[in-house]
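Encoded as structure tokens, the structure appears first; notes follow it.
The values are calculated or read from the model by the stated rules, or taken from the named source; none is laboratory data. Model, not experiment: these values are computed from the prediction. We place every Cβ from the backbone using ideal geometry, glycine too, and count neighbours over all the protein chains shown.
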Amino acid sequence: MFFRMMNGALLRQKGKMLMIAFTIALGASLATAMLNVMLDVGDKINQELKTYGANINVVPKEASLLDDLYGVDERSGVSNKYLQESELGRIKTIFWAFNIVDFAPFLDTKVTLNGAVENVELAGTWFSHHLDLPTGESLDTGMINMKNWWDVSGDWITDAEEDSAMVGSLLAGRHQIAPGDVISVAGKNGQKTLTVKGVFNTGSDEDELIYVPLKVAQDLADRAGLVSRVEVSALTTPDNELSRRAAQNPKSLSIKEWETWYCTAYVSAISYQIQEVITDSVAKPIRQVAESEGAILEKTQLLMVLITILSLIGAALGISNLVTASVMERSREIGLLKAVGANDFPISMLVLTEILLMGLLGGVIGYFAGLGFAQIIGHSVFGSAIDIKPMVIPLVAVLVFLVTLAGSIPSIRFLLSLRPAEVLHGR
Amino acid sequence: MNLLELKEVSKIYGTLKALNNIDLSVPKGEWLAIMGPSGSGKTTMMNIVGCMDKPSNGSVILDGVDISKENPRSLTAIRRDKIGLIFQQFHLINYLTALENVMVAQYYHSLPDEKEAMQALERVGLAGRAKHLPSQLSGGEQQRVCIARALINYPMLILADEPTGNLDEANENIVLDIFRQLHREGSTIVVVTHDPEVAEEAERIVVLEHGKIARIEDNHRGEQEEG
Amino acid sequence: MYLRMITASLVRRRSRMLVALLAVAVGATILSGLVTIYHDIPHQMGQEFRSYGANLILVPSGEETSLSGTDVKEAVSYFPSDSVVGVAPYRYQAVKINEQPFMAAGTDLAEVRKTSPYWFVNGQWPEEPGSILVGTAVADLIRLVPGSQLTITGNDANGKVFSRDFTLSGIVQTGGKEEEFIFMSMADLEDAMGDLDVIDVVECSISASGTQLNSYVQQIEASVPAVTPRLVKRVTESEGTVLTKLQALVYLVTVVVLLLTMICVATTMMAVVTERRKEIGLKKALGASNESVTKDFLGEGLILGAFGGLLGVGLGFIFAQTVSLNVFTRPISFRLSMIPVTILISILITGLACLLPVRSAVDVDPAIVLRGE
């Protein structure tokens, strides 16, 4: 009889029950979408923040940072002040290899431009370099990806164009160089004629530089197979107490802490791992980028958490409100059931089972609709899919269950407190 | 002259003939009772006369107007202006006081007038309970509010559906007293009931069976005729 | 009578109406809260992005080698004062410690803390004259620790040799070029150099959008010829990209949440009104026209919407404020325009939600409604 009654309620009150299921579905889809977006927003924003460029700088151990200020390096060119170009692929073999988005080596040297007396800086780099890793994988990496804020008039050059160059806007302005012009540069090891393919404006010191493919700079500076620094762009986890301590001195950590630190994508841990694979190197987080990324990531996540909480509360109140309203509506029916001798318990069970069944239906529909909403957000904001986190399913299930239950309880109590006579006599 | 005239009225729900070819006329000032077992078509007839439903066939002429030809909008207007409805279930608005429930009818009719509404309540002996909500009133009191509401706009026809169906004897008498009073004042009253005692009070009793008029009893002339 | 009926319905059916009011208030809270946050995001996040440091620098124009304080002041006056996060002037000077060459920078250290919040200082920021900061590269090279005393020598503006003692108060770590410098207050450097009012470059951290920054640049270029303003592309361009995405994210989230919430509110209102089909039937039986029945319910809906909206404005602001204080540790600005907008939308939604079930109910024959129980 219980089932017959429930069937009756569910099927014959189709409209009303569907409305409950619909509202629950809305709430559940809201929860699903928000939770999924919230859990993935960190990764997404992290990717976006990569536009700020490298957050780790790898330099040779004991390299004097004063070189470029005084030009004292030219005579003391010992090999341990350089990194080996052949070792660079190893950066993609570290524990957090997957988090390394891009990297580009640089070889800085001084040249004379068009026979002038004054030295100008020339840097060789990878623009977009194809690299085959020992692991069998291959990747394309280089400066084009890392410096996408550059304002380039003309074109980027490729690694193969060994007779082309890009010139910084300040230098170009001083020497009246425009894209298409031909310049001649002379280094320690000879002279080279280059066609300027592009002039770039960055608003920083780089505007004084000439960029050429790495091979060209190595030839000019007589530093075959060597680079002076590597910029690495990595996805990192915002710093916390542990990582700050580790950054100061990794040896101060206990073994357990050390493992946690090493296996978390802190910028200091990634730097440490890069140092392990590149001979005689020091990998230093660029604080301007690393710190700010952490701050912005944290804020964004917190913001999303709070908005999610608000929408969850909204969804919860919306659902329980509707459940309350629609259960109260049935006072006459319940009064009748009581009048024919139903006890409180079976009545509560009847109402609860109905509502929870609707909750299940709405929850399932809502979950999938929510995935859809999450993907809409992901594609239109970040241009990529939002990762679907399985942990959202139990979260939403528990939420819907609790909320429908919470919505039913006050109204069920209200119904039970009804006296059948009053209800039936139309008060 | 006849206030209400039903000519060959039928009401068909699917294959069921709820009313089958009814002819009936009600002169002004008459107190008419409609009796019959459940399913005999009492309520259907009441709904049609009360402008809440339309016949499938035939015509219903109320105060010279054929209401079976009218659209829902003018039916509403006719109901408002000419008919006072009294229900078995009272149907009071439960968040309004007795007085306000009476005033609602005034409001939809023309203008609410608190004094007049109060007089209507006095007439049914409820002046002291004017500020009470329906839930604070007994069944008899609620029915009296319902009557006061039905009377407030001086309807031509008072239509009562089982007005004593939910009342005990004492309250039944109070309600019948009010009806007698109304009758003396010249109101036309149609009461649908299956309580013979209530029906006895009327001048004429129409007995319905299977959607047809089985017989009409004339209380005061003592005559009987086949319907 | 109309008002009397509506207020009676609202006051005497308290529990149901509370349910409805709650629904409307929740919707309005989410609406006003999220929209306030959405409006404040660019501003608040823009502030956060200032931790990337200067986004605009001022350099001398043409052949000039240095800027003067008055030119800088004039240029800076083109930035709205409430969006200036920090303006730090720098003067660079080659000096020597123990006969080793270094570069010293004189600056306004209090402003540097604002323009370059990412600096990690091991030790203290200098507060008194005579105390300085050095980069880690410098500190490593000559083995300095916070608290060390050191002597800086060099040639002053007139070519004479100077020699001054300083206390090292902190060591700067940035991972960048700053690690190679010695930082001291502008007054200390000017004192040593013996001349005033020489500025090589000014770093400005301005909380503004890319287009605003560009317009500042144009204004300064046009009106202060001695100063050339330049945007730090890496910061401004990237900030533009990321901020646009963030705002789009909050925008979409707001739209989705609002859409779903509004439907939720509407269904609840519909449930509350549908419950009263009997009342609608009765009113019609009493001779109420469809319009007057609709008017009755609409009136209730409007009052509910107005009160719910008002409640929502308050609660929404509290929510937005909480978010802002928690996330950005800054209070949010209250937007007066949110009051009418929220209330209007609440009224609209509630009215619409009332209208739908009422319209379907008034078309039903009153007899059916009265009997169907």
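Numbers at a glance
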| read-out | value |
| --- | --- |
| Residue tally, condition within 19 Å of A:Ile376 (Cα to Cα) and more than 9 Å from chain C (Cβ to nearest Cβ), over the stretch A:40-56 | 4 |
| Residue in the stretch C:264-284 that is surrounded by 22 or more Cβ atoms within 10 Å (Cβ to Cβ) and under 30 Å from A:Lys50 (Cα atoms) present | no |
| Condition met for C:Phe297 (surrounded by fewer than 24 Cβ atoms within 10 Å (Cβ to Cβ), in the same structural domain as C:Leu31 (by TED's automatic domain parsing) and of a type in the set (Phe, Trp, Tyr)) | no |
| Within the stretch C:63-145, helices (runs of 4 or more DSSP H) holding 3 or more residues that are in contact (Cβ under 8 Å) with a residue 60 or more places away in the chain | C:69-76, C:109-115 |
| Condition check for A:Ile296: touching a residue at least 24 places away in the same chain (Cβ under 8 Å), within 11 Å of another protein chain (Cβ to nearest Cβ) and over 27 Å from A:Thr51 (Cα atoms) | no |
| Flag for C:Arg230 being out of contact with any strand residue (DSSP E or B) (no Cβ under 9 Å at 6 or more places or on another chain), of a type in the set (D, E, K, R) and modelled with pLDDT under 90 | no |
| Selection from the stretch C:42-99 of residues that are in contact with a helix residue (DSSP H, G or I) (Cβ under 8 Å, 6 or more places away or on another chain), among the aromatic types (Phe, Trp, Tyr) and either closer than 24 Å to C:Ala187 by Cα or surrounded by 21 or more Cβ atoms within 10 Å (Cβ to Cβ) (or both) | C:Phe49, C:Tyr52, C:Phe79 |
| Qualifying residues in the stretch A:274-289 (those that are at the interface with chain C (Cβ under 7 Å from one of its Cβ atoms) and touching a Phe, Trp or Tyr at 6+ places or on another chain (Cβ under 8 Å)) - the one farthest from A:Pro60 (Cα to Cα) | A:Gln288 |
| Residue in the stretch C:14-36 that is in contact with a strand residue (DSSP E or B) (Cβ under 8 Å, 6 or more places away or on another chain), more than 14 Å from chain B (Cβ to nearest Cβ) and farther than 30 Å from B:Glu100 by Cα present | no |
| Residues that are in a helix (DSSP H, G or I) and at the interface with another protein chain (Cβ under 10 Å from one of its Cβ atoms), drawn from the stretch A:380-392 | A:Ser380, A:Val381, A:Phe382 |
| Matching residues, the stretch A:192-236, being closer than 16 Å to A:Pro179 by Cβ, buried (at least 24 other Cβ atoms within 10 Å of the Cβ) and not aliphatic (A, V, I, L, M) | A:Tyr211 |
| Restricting the stretch C:181-239 to residues that are of a type in the set (S, T, N, Q), within 14 Å of chain A (Cβ to nearest Cβ) and in a strand (DSSP E or B), the residue that is surrounded by the fewest Cβ atoms within 10 Å (Cβ to Cβ) | C:Thr228 |
| Number of positions in the stretch A:111-150 that are more than 21 Å from A:Val232 (Cα to Cα) and part of a strand (DSSP E or B) | 6 |
| Filter result for B:Ala150 (within 10 Å of chain C (Cβ to nearest Cβ) and crowded, with 22+ Cβ neighbours inside 10 Å) | yes |
| Options A:Phe345, A:Phe368: the member that is at pLDDT 80 or above and surrounded by fewer than 18 Cβ atoms within 10 Å (Cβ to Cβ) | A:Phe368 |
| Residue in the stretch A:145-196 that is nearest to the chain's Cα centre (by Cα), counting only those that are within 19 Å of A:Ala217 (Cα to Cα) and of a type in the set (Ser, Thr, Tyr) | A:Thr158 |
| Long-range neighbours under 7 Å by Cβ, at least six apart or interchain, first residue at the interface with chain C (Cβ under 7 Å from one of its Cβ atoms) and farther than 22 Å from A:Val381 by Cβ within the stretch A:24-36, second part of a helix (DSSP H, G or I) and among the hydroxyl-bearing types (Ser, Thr, Tyr) | none |
| Failed condition for C:Leu243, given (1) surrounded by fewer than 20 Cβ atoms within 10 Å (Cβ to Cβ); (2) within 10 Å of chain A (Cβ to nearest Cβ) | (1) |
| Failed item in (1) buried (at least 20 other Cβ atoms within 10 Å of the Cβ); (2) touching a Pro at 6+ places or on another chain (Cβ under 6 Å), with C:Gly123 passing the rest | (1) |
| Some residue of the stretch C:341-357 being surrounded by fewer than 21 Cβ atoms within 10 Å (Cβ to Cβ) and without any contact (Cβ under 8 Å) to a residue 40 or more places away in the chain | yes |
| Unique match (being modelled with pLDDT of 75 or more and within 21 Å of A:Ala397 (Cβ to Cβ)) among A:Leu322, A:Leu350, A:Leu297 | A:Leu322 |
| Count of the stretch C:268-285 residues which are outside any helix (DSSP H, G or I) and more than 7 Å from every other protein chain (Cβ to nearest Cβ) | 1 |
| All helices (runs of 4 or more DSSP H) inside the stretch B:68-162 with 2 or more residues being among the hydroxyl-bearing types (Ser, Thr, Tyr) | B:72-82, B:98-109 |
| Among (1) at the interface with chain C (Cβ under 7 Å from one of its Cβ atoms); (2) touching a Cys at 6+ places or on another chain (Cβ under 9 Å); (3) farther than 15 Å from C:Gly287 by Cα - the single one B:Tyr95 does not satisfy | (2) |
